[in-house]
Amino acid sequence: MKISDELLNKYNVPVPRYTSYPPANHFSESLTSDDFAEMLENSNTREPQNIALYIHIPFCEKICFYCGCNACSIGNGNLVVPYMEAISKEIELVSKFIDKKRLVSQIHYGGGTPNSIDVSFIRKLNEYLFSEFSFIDEPEIAIECNPAYIDFKYIDNLIQAGFNRISLGIQDFDKNILDKVNRAPSAIPPDELFRYIKSADRKIGVNFDFIYGLPGQSVSSFSRTMQMAADIRPDRLVTFSYAHVPWIKKHQLILEKRGLPTAGDKTKMFLSAYDLMEKSGYQPVGLDHFVLPSDDLYKSLNEGTLHRNFQGYCTRRTTGQVYAFGVTAISQLDEGYSQNHKEIKDYISDISSGKLPVERGYRLSQNQIIVRKVITDLMCNKTVSFSTVANYMGITPAKVESAVRLERDSLDDLMADGLISYHSDTIDVTETGSFFIRNIAASLDREYIEKAQTYSKPV
């Protein structure tokens, strides 16, 4: 893939990531616990009917300087027990509103660093979830892990606890680069870790996660890292663009002093990795995933049924409304979003008093629900048909077109730049356009306002 400097300069402007619609900066503290309770009850009659559960473990052994997640130092570990007890109580509170005839299709542990805590806490929580809910056949049970703090015994315990997908946040194979961003390297060589997870015919999916745009990285160094990763052959390789938002995450200012790559260099890193992945037999999926052709995500992409939430890409089979637990966790229901308290003490206090720990959220209008469907289809499957969206939602194509910002000049501009094709009522994203898909989505969003202090740049 080739990206000209002209296109890069034109489209490298702040735009939402669209992991939700509207984006999280629209959330308001006016959403109350009572509002969320009503949304929970309403979710039982909305689509998708499946349930996805997200567990947020905020603790980390140390904070990486690039981190944009909601994380905190584990310190002496004295908060782990009360925190995990609070999560169990929160699940109990929320589950009272959920129709137990509905099935769970996905559990995802994120953070923070979920494997920063003793695996016994995770095993106990999974056992509780398995007893509290009913599940589809072969649900996805996934966990994000920092390989610096994991060993074979921990892996065994995760598998015994029911996990069938493990994401390893490697970020880079170059120790010098990891040192610059305050991250420890994998305790066990990643190739050995991968082979162990896959041993004994275990049907465990393995992701390797990387970040490009860090201090010390170059096109050649990142290409070496991605070639090493491709040679190991994990099921999925994920290349996240470093999002520099020091106005939100102050610790990222440290990286400015250590020298961040230019937007042009970041683009070259991604494009080099893109070409390398394709030559190595991986298929591009969505914004940042590369998967083996046998992967369910690739099959879903070809069928036009790929989906996406805050936790990443998933198949239509494992898609569900997301019920999230823990500090800062965001529930993604058909009707809207609810985010928990950011401070652990506030979160535990509300849970202890039997109150849903809502800090802020958002309830979607009917127009926003339409736009969300359009943008989700576009972001996931690189195509959107207004008539197909209309049929799915039981409305007219004209209603869909009036909900989005469908401006002919904007579409013509995107087509002239080779980012999309537009015919009848369908927008198709080109290979080049996939690199700027956030910009394409923003062009259809009536509520998008370019705010340099709110959104990160695509590159």
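For segment 171-229 and segment 257-292, compute the distance between their C-alpha centroids and round to whole Å.
For segment 171-229 versus segment 257-292, the Cα centre distance is 14 Å.
Would you mind putting 389-398, 375-384 in packing order, based on average other-beta-carbon counts within 10 Å, highest first?
Values: 389-398: 14.5, 375-384: 22.1.
The peptides rank, most packed first, as 375-384, 389-398.
State the Cα centre-to-centre distance between segment 390-439 and segment 1-49 in whole Å.
If we compute the Cα centre of each part, the gap is 18 Å.
For the residues 152, 135, 59, what sequence is obtained by ranking on other C-beta atoms within 10 Å, fewest first?
Values: 152 13, 135 17, 59 21.
Ranked by crowding around the Cβ, least crowded first: 152, 135, 59.
Need one number: nm distance between label points at residue 33 and residue 355, each 7 Å from Cα along Cα→Cβ, rounded to one decimal.
Modelled inter-label distance: 0.5 nm.
Toward the positive end of the charge dipole of segment 23-325, about the Cα centre and with charges on Cβ (Lys, Arg +1; Asp, Glu -1), which of 166, 270, 32 goes farthest?
Result: 270.
With label points built 7 Å along Cα→Cβ from the Cα atoms of residue 365 and residue 271, find their separation and express it in nm.
Each label point lies 7 Å from its Cα, and together they span 4.0 nm.
Using helices alone, I'd like the mean residue ellipticity at 222 nm for the chain: each DSSP H run of four-plus residues gives -39500 (n - 2.57), total over residue count, nearest 500.
On the way: 18 runs with 178 residues, N = 459.
That calculation yields -11500 deg cm²/dmol at 222 nm.
Could you tell me which of the pairs 180/250; 124/345; 89/198 are separated by over 28 angstrom between their Cα atoms in the structure shown? Walk me through the intermediate numbers first.
On the way: 180/250 16 Å; 124/345 22 Å; 89/198 35 Å.
Result: 89/198 exceed 28 Å.
Please work out which option in [x] 20.4; [y] 23.5; [z] 38.6 gives mean projected area of the Cα convex hull in nm² calculated from these coordinates, and answer with its label.
[x]
Around residue 392, what is the net charge, scoring Lys/Arg as +1 and Asp/Glu as -1 over all other residues with Cβ under 10 Å from its Cβ?
Details: positive: 373; negative: 47, 377.
Around residue 392, the surrounding residues sum to -1.
Roughly how many nanometres apart are two label points built 7 Å out from the Cα toward the Cβ at residue 262 and residue 10?
Distance between the two pseudo-spin positions: 2.0 nm.
Give me the distance between the Cα centres of segment 296-325 and segment 72-86, rounded to whole Å.
Result: 31 Å between the Cα centres.
Where does the charge balance sit around residue 303 when Lys and Arg score +1, Asp and Glu -1, over other residues with C-beta under 11 Å from its C-beta? Show your work: numbers first, answer last.
Values: positive: 299, 316, 317; negative: 296.
Around residue 303, the surrounding residues sum to +2.
Once you list every other residue whose beta carbon is under 13 Å from the beta carbon of residue 86, what net charge do they have if Lys and Arg are +1 and Asp and Glu are -1? Mind dumping the intermediate values first?
On the way: positive: 89, 345, 355; negative: 85, 90, 92, 343, 346, 350.
Neighbourhood net charge equals -3.
Sorted by average packing, counted as other Cβ atoms within 10 angstrom per residue and highest first, what order do 104-114, 69-79 take? Don't skip to the end; give the middle numbers.
Details: 104-114: 24.6, 69-79: 14.5.
Going from most to least packed, we get 104-114, 69-79.
For an R0 of 35 angstrom, estimate the FRET efficiency from the Cβ-Cβ distance between residue 299 and residue 253 and round to the nearest 0.05.
Values: r = 43 Å, r/R0 = 1.22.
E between residue 299 and residue 253, to the nearest 0.05, is 0.25.
No value in this document is a laboratory result; all are computed from the given coordinates. This one's a predicted model, so the numbers in the text were calculated from it and none came from an experiment. In this analysis, Cβ positions are derived from the backbone assuming ideal geometry, glycine residues included, and neighbour counts consider all displayed protein chains.
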